[in-house]
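Here the structure is laid out as structure tokens; the discussion comes afterwards.
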Amino acid sequence: MTNISKKLEQIEKLKKELLEEKEKIENTLGKELISQFDLNYESLTKNEIKEFVDNLKDSYDLMNEDQSLNSSSSVESPKVG
């Protein structure tokens, strides 16, 4: 029975470590975005933040769409003649 308790404690410890690592990554990403876009985050409202992220996502999606179109069109067709 104590073996099961030890395993459960290990699982809980791992869950906590994963959550802390996730928060660390999210904070680092946020700080990098703020820095790279030179945002004045002190005056941003929640709606402005959401709008900024939506615009960033749209740009990212368009960039990925363009890349996928370019990679599919880069396949050379056989030359005739």
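The values are calculated or read from the model by the stated rules, or taken from the named source; none is laboratory data. Just so you know, these numbers come straight off a predicted model, no measurement behind them. Glycine gets a Cβ as well: all are built from the backbone with ideal geometry, and neighbour counts include every protein chain shown.
The table below lists the values:
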{"read-out": "Scope the stretch 49-65; condition under 12 Å from PHE37 (Cβ atoms) and not β-branched (Val, Ile, Thr); matching residues", "value": "PHE52, ASN55, LEU56, SER59"}
{"read-out": "Residue among ASP38, ASP58 that alone is assigned to a loop (DSSP other than H, G, I, E, B) and at pLDDT 90 or above", "value": "ASP38"}
